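**Q** Dropping the structure in here first, questions after.
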Amino acid sequence: MRRAMVIMMVSAVVFAGVQLANAEEELFDTKAAVIHIEKGITHLKEKKYDDAVKELEEAVTINPDAEAYYYLGYAYYMKGREGNDAESRKKSIESFDKAYELDPGFTPSRFKPADAGEAIQEPKASEAKPSSAPPPVQSEPTVTSPEPQPGQ
């Protein structure tokens, strides 16, 4: 009797764990969020910033992750830059802050500003670049013992 009760309790715990795992998997519809991110990136490339904001707002609503917030921040940044819009600049900062709060090491991988045709400026030849070579090793000065003085 006791054995049957233990088996029932273990089965209930295992079943509950499986149900929780399934609930967590269904918490965010990541596939739908990715579709909205991709559409938002397409709009960014086309410089349709209002449309990009709409798609990326939807992505954040579906799956509030660092990637969605980062691209939303970028869309607001570009929108604010184009129209000198203080509210968009404020939302840009909030979105970037949220992205890095969620993932401090986040780096965009799908789209970077250079992809949109913005030039990446190389340092001028006159600007010194730090060398990747290690600094030269300096030899230690040779220490000699003092010569004995007369009378020592």
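**Q** Kindly indicate the residue of the range 104-114 that is open to solvent by less than 100 Å² (accessible area, probe 1.4 Å) and over 16 Å from LEU56 (Cβ atoms) and also modelled with the highest pLDDT among those meeting that condition.
**A** The qualifying residue modelled with the highest pLDDT is GLY105.
**Q** Further question: Would you call GLU67 over 16 Å from SER109 (Cβ atoms) and out of contact with any Ser or Thr (no Cβ under 6 Å at 6 or more places or on another chain)?
**A** Answer is no for this residue.
**Q** When you scan the range 75-82, do you find a residue that is modelled with pLDDT under 95, basic (Lys, Arg) and open to solvent by 50 Å² or more (accessible area, probe 1.4 Å), even just one?
**A** Yes; the residues of the range 75-82 include at least one that is modelled with pLDDT under 95, basic (Lys, Arg) and open to solvent by 50 Å² or more (accessible area, probe 1.4 Å).
The values are calculated or read from the model by the stated rules, or taken from the named source; none is laboratory data. The shown structure was predicted, so the numbers you read here are calculated from the model rather than taken from an experiment. Counting neighbours? That spans all protein chains shown, and the Cβs are built from the backbone with ideal geometry, glycine included. What goes into the accessible areas is simple: the full protein's heavy atoms, side chains included, and nothing from ligands, DNA or RNA. Shrake-Rupley method; radii C 1.70, N 1.55, O 1.52, S 1.80 Å.
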